[in-house]
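Okay, so here's the structure we're looking at.
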Amino acid sequence: MTQMFDIRKGLEQARADREGAWQFVRDFTYAWVEPLNDGDGFTEGDLTAAEERLGVGLPTVLGEMYRLFGRRQDLTSNHDQLLRPDQLYIDARSEALVFREENQGACSWGVLLKDLDQADPGVHVLLDLADRQAQRWEPWMERLSWMAVEMMLAESLHAPQHLTDFLYEPDPEYTRIIEESCEPLPFPAYPARGYEGTRWFLGADVLLRDEDGCVAVRARTEEALEAVRALLPGAWLNE
């Protein structure tokens, strides 16, 4: 493989603590996207204004994420949306601080109000169910800093078409091909309904996410994208 940094090792460090997470963000953007710059984050004034409006303090990690790359929509909002500090809100049941929304309103991600005093709290998800009585905040990821990494990689799958593609209804052998040709990445299980079974893989200059028969690919080069299309036959969306 020709990656400029060890993605697997970086993810293991990102899972260990928040400093590892932020280092992974810096390394990934440098090698695969555009390096981070000083103007890519929100200011301390932006965050203070949000806290004063909401009447609650933001978790340390949420502030660190916004200051590091909160303005980089290519890392946060290609598909789903990371809310700006002035868009943050407390849900209608006063249970969680919401900071991210699915692009069609299918779910929202937040930190429970009781956990706001933690530096790196867990993240919960609220699914938009027809039965409102059944709605509840369910655990999503164990640490907010780890979700920040997952969010950045997930949004990278929706980058410009010359570096991304989606394979729907692949050949029945696709799972075997991926497992034999690519390296599984150490992501935790997705607990929420509709995300179970999602797996991430690393190939030769490509990231792949297998979502129960839909394979999303982000390549570092156009040549790498063509190679994975040849490896996995089927109806590619952008081909």
- [ ] Give the residue that is farthest from GLY70 (Cα to Cα), with candidates limited to residues of segment 15-30 that are at pLDDT 95 or above and among the small types (Gly, Ala, Ser).
- [x] GLY20
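Per-residue answers, yes or no, for (1) out of contact with any Gly (no Cβ under 9 Å at 6 or more places or on another chain); (2) touching a residue at least 60 places away in the same chain (Cβ under 8 Å); (3) acidic (Asp, Glu):
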{"position": "GLY55", "(1), (2), (3)": "yes, no, no"}
{"position": "LEU62", "(1), (2), (3)": "yes, yes, no"}
{"position": "MET65", "(1), (2), (3)": "no, yes, no"}
{"position": "LEU68", "(1), (2), (3)": "no, no, no"}
{"position": "HIS79", "(1), (2), (3)": "yes, yes, no"}
Task: Qualifying residues in segment 199-239 (those that are farther than 23 Å from PRO160 by Cβ and under 22 Å from the mean Cα position of the chain (by Cα)) - the one modelled with the highest pLDDT - done: ARG199
Open item on the list: Between THR29, THR48, THR43, which is of a type in the set (Ser, Thr, Tyr) and farther than 20 Å from LEU75 by Cβ?
Closed with: THR48
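Would you check if LEU47 is closer than 19 Å to TRP109 by Cβ, surrounded by 14 or more Cβ atoms within 10 Å (Cβ to Cβ) and touching a residue at least 40 places away in the same chain (Cβ under 8 Å)?
Taking the combined requirement at face value, the residue does not satisfy it.
I'd like the full set of residues that are among the β-branched types (Val, Ile, Thr) and either in a loop (DSSP other than H, G, I, E, B) or in contact with a helix residue (DSSP H, G or I) (Cβ under 6 Å, 6 or more places away or on another chain) (or both), limited to segment 209-224.
VAL217, THR221
Quick check on my filter: what residues within segment 1-44 are of a type outside the set (A, V, I, L, M), part of a loop (DSSP other than H, G, I, E, B) and surrounded by 13 or more Cβ atoms within 10 Å (Cβ to Cβ)? Give the derivation first.
Here is the first cut: in segment 1-44, the ones of a type outside the set (A, V, I, L, M) are 2-3, 5-6, 8-10, 12-13, 15, 17-20, 22-24, 26-30, 32, 34-35, 37-44.
Still in the running and part of a loop (DSSP other than H, G, I, E, B): 2-3, 5-6, 17, 34-35, 37, 41-43.
Correct list: GLN3, PHE5, ASP6, ASP17, GLY41, PHE42, THR43.
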Task: Among residues of segment 129-155, those that are over 20 Å from GLY20 (Cβ atoms) and either touching a helix residue (DSSP H, G or I) at 6+ places or on another chain (Cβ under 8 Å) or without any contact (Cβ under 8 Å) to a residue 24 or more places away in the chain (or both), counted - done: 8
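Which residue, of GLN73, GLN81, is surrounded by fewer than 21 Cβ atoms within 10 Å (Cβ to Cβ), touching an Asp or Glu at 6+ places or on another chain (Cβ under 6 Å) and either more than 24 Å from TYR190 (Cα to Cα) or of a type outside the set (Ser, Thr, Tyr) (or both)? Explain how you work it out, then say what you get.
Values: GLN73 fails: touching an Asp or Glu at 6+ places or on another chain (Cβ under 6 Å).
Answer to the check: GLN81.
The values are calculated or read from the model by the stated rules, or taken from the named source; none is laboratory data. If you're wondering where the values come from, they're calculated on a predicted model, not measured in any experiment. Methodologically, a virtual Cβ is constructed for each residue, glycine included, from the backbone with ideal geometry; neighbour enumeration extends over all protein chains shown.
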